[in-house]
Amino acid sequence: MRINKFIASATGLSRRTADVAIANGRVRVNGEQPNAGDQITSEDVVTLDGKQLQAKATLQTILLNKPVGYIVSRDGQGGQTVYDLLPANLHHLKPVGRLDKDSSGLLVLTNDGDLANRLTHPSYQKEKVYQISLDKPLAPADQKAIEQGVQLEDGVSKLKLEGAGKDWKISMSEGRNRQIRRTFSHLHYRVVSLHRHRFGSYQLDNLKEGSYQSIDTND
């Protein structure tokens, strides 16, 4: 196994972050400083900042079809969280990105830090696809404005739109907090419903609302 993959498995870090730790001299294999790309075996002793690492038995990733009303957090402050939909043996998995309480659809949860990084880091440009409904038909001028880019407080928001009237398919590769809702609110529209059905190569297909499925992480 490559050393960066081992470190990612043992710590939840991404492989890229593991490579940086190796380059910075924080990693030792049998007391010696390794090179990025080195192979290790189960007999090797690997330490990070002086602490011995143990690889986790398996990397797990699931897809969850999140219903409206569930919070993507471990602490729901009295409300229901997505972990209420999962058995206890999956509560160690972390969500990749967010869906707000009023949104539904595809949520990826994993303990694979490398996968999480590939799905969320801007350099990978993973496309997310949503279906939304608005409180009123979208005017052609406003559609054009959104496709060209709307200036929000945290930067320009540019979305790809397909549809007509109140119902639209949204494609985007960014992941800023409530970006779709804020973009339409800026032009005086309210997003009545928002449902994500694809994230990178993963999609809901026929997964029922509130259900989950385990997947291979060969994204």
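Which condition does Leu159 not pass, out of (1) surrounded by 13 or more Cβ atoms within 10 Å (Cβ to Cβ); (2) within 20 Å of Val192 (Cα to Cα); (3) free of Cβ contacts under 8 Å to residues at least 12 places away in the same chain, if it passes all the others?
(3)
Against the condition within 22 Å of Gly200 (Cα to Cα), without any contact (Cβ under 8 Å) to a residue 40 or more places away in the chain and crowded, with 18+ Cβ neighbours inside 10 Å, how does Val27 come out, does it pass?
Considered against the rule, which asks whether it is within 22 Å of Gly200 (Cα to Cα), without any contact (Cβ under 8 Å) to a residue 40 or more places away in the chain and crowded, with 18+ Cβ neighbours inside 10 Å, Val27 comes out as no.
Checking the conditions here, which among Gly79, Gly105 is surrounded by fewer than 15 Cβ atoms within 10 Å (Cβ to Cβ), farther than 27 Å from Lys5 by Cβ and not hydrophobic (A, V, I, L, M, F, W, C)?
Just one listed residue meets the conditions, Gly79.
How about the range 172-196: which of its residues are within 21 Å of the chain's Cα centre (by Cα) and closer than 11 Å to Ile132 by Cα?
Hits for the range 172-196 are Ile180, Arg181, Ser193, Leu194, His195, Arg196.
What number of residues within the range 131-154 are buried (at least 18 other Cβ atoms within 10 Å of the Cβ) and assigned to a loop (DSSP other than H, G, I, E, B)?
Residues flagged as buried (at least 18 other Cβ atoms within 10 Å of the Cβ) and assigned to a loop (DSSP other than H, G, I, E, B) within the range 131-154 amount to 1.
What residue, among those in the range 162-219 that are over 24 Å from Leu64 (Cβ atoms) and polar (S, T, N, Q), is surrounded by the fewest Cβ atoms within 10 Å (Cβ to Cβ)?
Looking at the filtered set, the residue picked out is Ser185.
Given (1) at pLDDT 95 or above; (2) of a type outside the set (Gly, Ala, Ser); (3) closer than 30 Å to His197 by Cβ; (4) surrounded by 18 or more Cβ atoms within 10 Å (Cβ to Cβ), identify the lone condition not met by Leu13.
Leu13 satisfies every listed condition except (1).
The values are calculated or read from the model by the stated rules, or taken from the named source; none is laboratory data. The model shown is predicted, which means the values in this text are computed figures rather than measured ones. Cβ atoms come from the backbone with ideal geometry, glycine included; neighbour counts cover every protein chain shown.
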